[in-house]
1. Looking at the range 233-272, which of its residues are more than 18 Å from His347 (Cα to Cα), not in a loop (DSSP other than H, G, I, E, B) and not charged (D, E, K, R)?
2. Considering (1) within 16 Å of Arg199 (Cα to Cα); (2) free of Cβ contacts under 8 Å to residues at least 60 places away in the same chain; (3) open to solvent by less than 10 Å² (accessible area, probe 1.4 Å), say which one Gly293 fails and leave the rest.
3. Do you know which residues across the range 156-199 are open to solvent by less than 50 Å² (accessible area, probe 1.4 Å), at pLDDT below 95 and under 20 Å from Lys342 (Cβ atoms)?
4. How do the pairs read when you match residues in the range 299-315 that are touching a residue at least 60 places away in the same chain (Cβ under 8 Å) with residues anywhere that are surrounded by fewer than 18 Cβ atoms within 10 Å (Cβ to Cβ) and outside any helix (DSSP H, G or I), using Cβ under 6 Å and keeping only pairs 6 or more apart or on different chains?
5. Gln63 is checked against (1) of a type in the set (S, T, N, Q); (2) more than 26 Å from the chain's Cα centre (by Cα); (3) not in a helix (DSSP H, G or I) and fails just one. What number does that condition carry?
6. Report, by residue number, each residue of the range 331-346 that is open to solvent by less than 30 Å² (accessible area, probe 1.4 Å) and at pLDDT below 85.
7. If Gln299 satisfies all but one of (1) open to solvent by 20 Å² or more (accessible area, probe 1.4 Å); (2) modelled with pLDDT under 90; (3) under 27 Å from Ala37 (Cα atoms), what's the number of the condition it fails?
8. Which members of the range 13-27 meet the condition of being more than 19 Å from Asp42 (Cα to Cα) and of a type outside the set (S, T, N, Q)?
Amino acid sequence: MGFRSFRVVLPSGVGYWTVVDGSYRVVEEADNFLLAARLGRDLAEGTTQAYATALGLFLEWCQGLSVDWRGAGRGMARFVFWLQHHDPSGQHRPGVDEPVRGARRVNAVLAAVREFLRHAVAVGDAAPSALDGLFEVVRDWDLPSEVRGEHTVGFRERPRHRLQEPERTVDAATEDEVLGLVRACRNARDRFIVIGLWRMGARRGELAGARREDAHFLPDARVLGCDVSGPHLHVRKRNNDNGAAAKSRWSRAMPADWLVVQAYDQYAAEREACPAAASCDFLLVNLFAEPLGRPMRPQALNEILAALSRRAGLSRVVHPHMLRHAFATTVMEAGATLDELKELLGHAFLTSSEVYLHPSQERLRRAVEQVRSPRLPEGTRG
């Protein structure tokens, strides 16, 4: 049994993930990094889980080669190959089968390892030589203007080992798929989840981490002492015991239309009928499975959408992020600007919102046909 991730809950109720060895002994240096990431950098609990899983793979590779992790930076190229082809079952054949891990997954593991080694050097758990071979100095011309700031030409550190990833596309749920999900709902809560993700563009962690006090679904929220006009849902960064978290540390308000408000009113009545939910301040709670009245886990939203997809007879499983992308697509088709989309989605940079811009061939055709034709001289039309 090798290294693995392990969940820890602090006396304060804050949870994070650490790394334990085959004897379930905590790897102290990894634990220092992961705890600092959770408390000092306010990373989500799920992010520490991903980091811990990545570090477990790194430490397993080091152990297999009898290499001290503090000096493993020079051999990262071999680690990349190992990540691509290491299969614990022993059934994978390098050079014959497809890689066990794709480029995006490998790059995510490498990013976690680099952050771990940086932290180890910063706190004295490793010598500066631990970073040897990990980075190269390049010009920053390829960075977004928001990152470069006022500098026209500068330099930055770039990871030396990074695989070429396929072009990132975010798949959107179609209107027919969304309607199929709504029709397949057998209760108001699930219907509110589908419509809330679709019409507000919320992340699953934002919806699962919302509290009842965040839901200002009134025509004029000023009666609640709120300075945001119209129905909306506040997104706030919190430490939640269900593992849900807003990605950004900056609060924002997501506007809600009449579909969301109507779905919420129906869900609120359904929620009131569950006595166990009365004492829970979370917006989304368990109403039909134990433990009743407790806040829903973010993963539960995936499970609900998967069940609805099967019940609706869809050809694929719809995930929460596909509904978020559908929201972004419809907002842009309605004439919104990129900076408006950025604020609605809660992105830090415009470049983060651009990934959602994948116009269909029909939209491209309409864009060309809407261009005014010039008056051509007589005899030039063939």
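The values are calculated or read from the model by the stated rules, or taken from the named source; none is laboratory data. This structure is a prediction, so every number in the text was calculated from the model and none was measured. Don't worry about glycine lacking a Cβ; one is built from the backbone with ideal geometry, like all the others, and counts go over all protein chains shown. Heads up: the accessible areas ignore ligands, DNA and RNA and are worked out on the full protein's heavy atoms, side chains in. Shrake-Rupley method; radii C 1.70, N 1.55, O 1.52, S 1.80 Å.
1. Passing the criteria: Trp258, Leu259, Val260, Val261, Gln262, Ala263, Tyr264, Gln266, Tyr267, Ala268, Ala269.
2. (1)
3. Val170, Ala172
4. From residues that are touching a residue at least 60 places away in the same chain (Cβ under 8 Å), the pairs are Ser309/Val317.
5. If we test Gln63 against (1) of a type in the set (S, T, N, Q); (2) more than 26 Å from the chain's Cα centre (by Cα); (3) not in a helix (DSSP H, G or I), just (3) comes out false.
6. Ala336, Leu341, Leu345, Gly346
7. (2)
8. Step one: list which residues in the range 13-27 are more than 19 Å from Asp42 (Cα to Cα), which gives 20-27.
Residues satisfying the conditions are Val20, Asp21, Gly22, Tyr24, Arg25, Val26, Val27.
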